[in-house]
1. How many residues does the stretch 32-52 hold that are surrounded by 19 or more Cβ atoms within 10 Å (Cβ to Cβ) and either touching a residue at least 60 places away in the same chain (Cβ under 8 Å) or out of contact with any Ser or Thr (no Cβ under 9 Å at 6 or more places or on another chain) (or both)?
2. Identify all residues within the stretch 141-168 that are exposed (fewer than 14 other Cβ atoms within 10 Å of the Cβ), small (Gly, Ala, Ser) and over 14 Å from ARG127 (Cβ atoms); write none if there are none.
3. Please name all residue pairs, on different chains or six or more residues apart, with Cβ atoms under 6 Å, provided the first residue is in the stretch 76-87 and is in a helix (DSSP H, G or I) and the second residue is crowded, with 17+ Cβ neighbours inside 10 Å and of a type in the set (D, E, K, R).
4. Any idea which residue in the stretch 1-55 is farthest from the chain's Cα centre (by Cα), counting only those that are among the hydroxyl-bearing types (Ser, Thr, Tyr) and not in a helix (DSSP H, G or I)?
Amino acid sequence: MQVSVTFRNTDAEAWFKDYVHERLGKLKKYVDKPIEAHVIITVEKFRNVAEVNLLAKGINIVGKEEAKDMQIAFDSVIDKVERQIKKHREKVRNHKENASRQADRDASMNVMEDDEGEDRPRIVETRKIILQPMSLDDAVMALESSKNPFFIYRDISSENVTVLYRRDDGQYVLIESSR
């Protein structure tokens, strides 16, 4: 890893450069191929600002912290950069896992489609609904106001799931479930 340390408005101290290299070295375990890191230490009156720009394979992480002490500011920014790296790694890991799961799912669907004949019916859509408690009259009004040929609800009096279906001739069919 190539590390450059810049001091603004302060003298470059050897022990602090060593400390920077040591702390950045611990970040190597989180990044596959760290290319370069730029550390900028700025002192303005009572403000000590530490900024770290980490360029690695596919990512650019920037962290900036301010504190009363230079070492505290640098430790804070390293912690911040470390959290960003972990978050990025977790995002990449989840993305890869989801992609492999999707590939497995697609492969299994292809196998299922090959096993099924063209004339067999299959499920093409799944909907989840929240059963609303209502009376039969309210359900009829809801069915008349919608374009769907059926309406599913929970009957207030019996607490059973009920399906109200509109036939082609305009009449209604009531299907009640029992416990």
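Nothing in this text is a laboratory measurement; each read-out follows from the coordinates by a stated rule. All values derive from a computational prediction rather than experimental measurement. Counting neighbours? That spans all protein chains shown, and the Cβs are built from the backbone with ideal geometry, glycine included.
1. The number of residues fulfilling the criteria is 2.
2. SER145, SER157, SER158, listed by residue number.
3. If the second residue must be crowded, with 17+ Cβ neighbours inside 10 Å and of a type in the set (D, E, K, R), the pairs left are SER76/GLU65; VAL77/GLU65; ILE78/ARG23.
4. THR10
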